[in-house]
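A short write-up of the structure that comes next.
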Amino acid sequence: LPPKYATTWVSHDWLQDCEGSVEQIQAAMLVLTRGDDDVLIPIYDLYNHRNGKWFNTRSHVVQDVKYELTASRDLQQGEEIYNSYNHCAQCYNRHLHYGTAEIFRDYGFVEQYPQRWIFPKHSIAFDVDVNEEEDGNLVLEFLEGPRFRDTFQVTEKALDFLQQESNRLQQFYKETLEPLLLLRQETSSSTENDATTTIKPSELKSIVQYYEALSLALQMAVQAGKDYDFSVNDSNDDDDSDDDDDDDEEIVVVPQNDISLQLGVVDWLRINGGTFHRNQEIRRERPSGDSSSLIGVFAKEDIDEGETLLLVPSELVLQPATDPDYQDFFCDSAQFIAREMKLGQDSFFAPYIRYLLAAPPVSIPSTWSSQGQQLFLQVTDHGKLPPDDAIQWVSKWKRDCKITNIENPLEKQAAMLLLTRGDDDALTPVYDMYNHRNAPYFNAHSYLEHDRMHAIVAHRNIQKGEQIYLSYNHCLQCDNRYYSYGTPELLRDYGFVESFPQRWIFFSMQPKIAFDIVESPNKDLELIWLDGRVDETFGELYQVTQQGVDALESQLQRLLILHDKVLQPLVNNDDESTIPKNELGTILRYYESLVRALDMAVKAHKTYDYDSSAGALDVDKQGNVQEVVTVRKTNDLDNEDDNDDEEDDDDEEEDDEWSTDRDCPGGLYVKGRCVTDIKKWEEL
């Protein structure tokens, strides 16, 4: 793989051919990396290199007279002025044999996009560039035809070579590069001197940057080759006409949804002082090649409780320097992220920005089509069923952040990413790759200390093969979300219907009703009332009442009629529907979950024992909760013998130990106990 003669310049070109000395090496390196035509020119070497639309100058050298650099097009105020080291007017044929690899060899940096990759032994070459019209996706163009003097041609043999090398690089990463990065990560956090590896940090960083660029380029070429029409080459071979068909060259846009982007962010994190536990891996939930399954973080070996899974220094977090307690911090963060996204490859956060730009478009009810929003409001009875403010987020963001140009797609995309992927109004690299699920699957807590770090720690032992889950509402630093934020609110703010367990809170009922639906290991569903718990946002008690359950039953009947009259016809005539399929699919999933929840609540209420439900709430004049003592109420899950006084005494002691605390951080109430360990949960 390029570059050729990667490490021989000092030993061969300088010491041998030039008969130079080690003492003079600095001068030689300056001529190589800063010179033009073997001379050093003042100020010329202050202009940076970049090709494509950014290259905006033209150089002209008159030997022994002058060196002239002129603008090749109109330059706008604030625009950086770029030179080119291989596409310049007096670079002769460098554009045919000198690309990203050779620039790295001779100048010591991986050039920004566009990049040119040339494989002379196999006569194949291509450019990789950012297509701003395609939401920042990378575009690959094979270099062929008379424009390149018929030097290159796409062949199956060449593509097979690129595939083999791509596979080899993936193996190289696992066996060599990743262990080095882990070793560097561990030694950098130690106070002792690093004597475990002789590779300098700056060299390792450059190697990783080159590896990432080369690996991604090979993967894109292989993917583009799968759709390549080889008959075009065959017909061109038989065509002796001089017609230039170069304008018909195929440009292949490759969606950036493969795992390499995630791995690139992890490498960037480790190089810059972050930590990603060596026993974790990023992969799809179904790793058998199913590209439709979600990407998550998994334990590839056992991980002990208390081990740090992720540590991100504050300087790697996408957030402005504003005080996080500042009321407009979200607005400032969104604008900061938009600026970094606009910088793209020029951003310090470039690997993370590339991952964010390639992420699927954010789809929450606030961003849906008007038809999708109206159907969703029909399901929720225009707010009588949760979630509240289902479609108001975009308009609220526009109002609160004083957004005047709502059509700016980058600013809106930044705000949506911050809402759906952020934590405490900041975007943290790798943190947003952990998926959400509550106990007993929830197995990791996140900790955020502004101006210091963002960390994720295992809060129980995690077995090999387990997915590592965070919680978006049961986390330690989730403020009042624990008893006031459930399945409907997750859909509203994150765009998905969560897997079991689910929490349903009906704020419009007076008094409010709330319950959990949990799934046992044998897939049976059970409902757990949260009566006696408190909505900490408003200091109100959740209570099961006949009036409240009657209201739920009325909504259930309305939803069943809505299904027959509206939803089912939409499904039957899917091709004629004006609602985008992804929106309709999400609405149907939410509808099914909501109907199931209401149906289970109505049925569970038939066996509800009001006499055994206990809850005491002491609220002062300001509405502050002073003391809460609750006893968990279930749908006859325990089946204790109420007539056995001795057994009742034991149950009371057990309730005192497990159920009197209104919080169960990181766990779930099962048979009267706050359980965080999956084995105990299965046993119960």
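Here are some notes:
- Among the GluC sites (Glu not before Pro) in region 1-71, those located in a DSSP loop and surrounded by at most 13 other Cβ atoms within 10 Å of their own Cβ are Glu19.
- Cross-link partners of Lys412 among lysines, defined as those whose alpha carbon lies under 28 angstrom from its own and excluding same-chain residues fewer than eight positions apart: Lys53, Lys342, Lys396, Lys398, Lys402, Lys581.
- Both the radius of gyration and Dmax for region 508-567 are 14.5, 39 Å, in that order, over alpha-carbon atoms.
- Between Thr607 and Leu525, the simple spin-label model (points 7 angstrom out along Cα→Cβ) gives 1.6 nm.
- Solvent-accessible surface (1.4 angstrom probe) belonging to His49, in square angstrom, nearest 10: 10
- Residue separation of Asp400 and Ser370 scaled by 0.36 nm, minus their Cα-Cα distance, works out to 8.6 nm of gained length.
- Kirkwood's formula applied to the C-alpha pairs of region 459-600 gives a hydrodynamic radius of 17.1 angstrom.
- In this structure, Lys342 and Asp227 have a Cβ-Cβ separation that, at R0 = 22 Å, corresponds to a calculated FRET efficiency of about 0.10.
- Each label was represented as a point 7 Å from its Cα along the Cα-to-Cβ direction; for Ile295 and Glu553 these points are 4.9 nm apart.
- Mean projected area of the convex hull spanned by the Cα atoms of region 384-538, taken over all viewing directions: 11.7 nm².
- What the phi angles of region 457-472 give under the Karplus curve with 6.51, -1.76 and 1.60, with θ = phi - 60°, is a coupling list of 10, 5, 9, 7, 5, 10, 7, 3, x, 5, 7, 8, 10, 9, 10, 8 Hz, glycine and proline written as x.
- Annotation for Cys91 and Asn131: the two label points, set 7 Å from Cα along the Cα-Cβ direction, are 2.4 nm apart.
- In this calculation the C-beta distance from Asp599 to Tyr494 is compared with R0 = 35 Å, giving a FRET efficiency of 0.90.
- Of the three principal axes defined by the Cα atoms of region 15-123, the extents in descending order read 46, 42, 24 Å.
- Taking a straight Cα-Cα cut-off under 22 Å and skipping sequence neighbours fewer than 8 places away in the same chain, the lysines within cross-link reach of Lys300 are Lys174, Lys464, Lys679.
- Listed residue (Thr7, Gly99, Tyr85) projecting farthest to the positive dipole end of region 1-126, Cβ model: Gly99
- Kirkwood Rh, angstrom, region 301-452 [1 / mean 1/r, Cα pairs]: 17.4
- Length gained on full extension, Leu32 to Ile199: 57.8 nm, using 0.36 nm per residue less the C-alpha separation.
- Between Ile25 and Arg452, the FRET efficiency from the beta-carbon distance, with R0 = 30 Å, is close to 0.10.
The values are calculated or read from the model by the stated rules, or taken from the named source; none is laboratory data. Note that the coordinates shown come from a computational prediction; the quantities given were computed from them, not determined experimentally. All Cβ positions, glycine included, derive from the backbone under ideal geometry; neighbour counts span all protein chains shown. Surface accessibility is based on the protein's heavy atoms, side chains included, excluding ligands, DNA and RNA. Shrake-Rupley method; radii C 1.70, N 1.55, O 1.52, S 1.80 Å.
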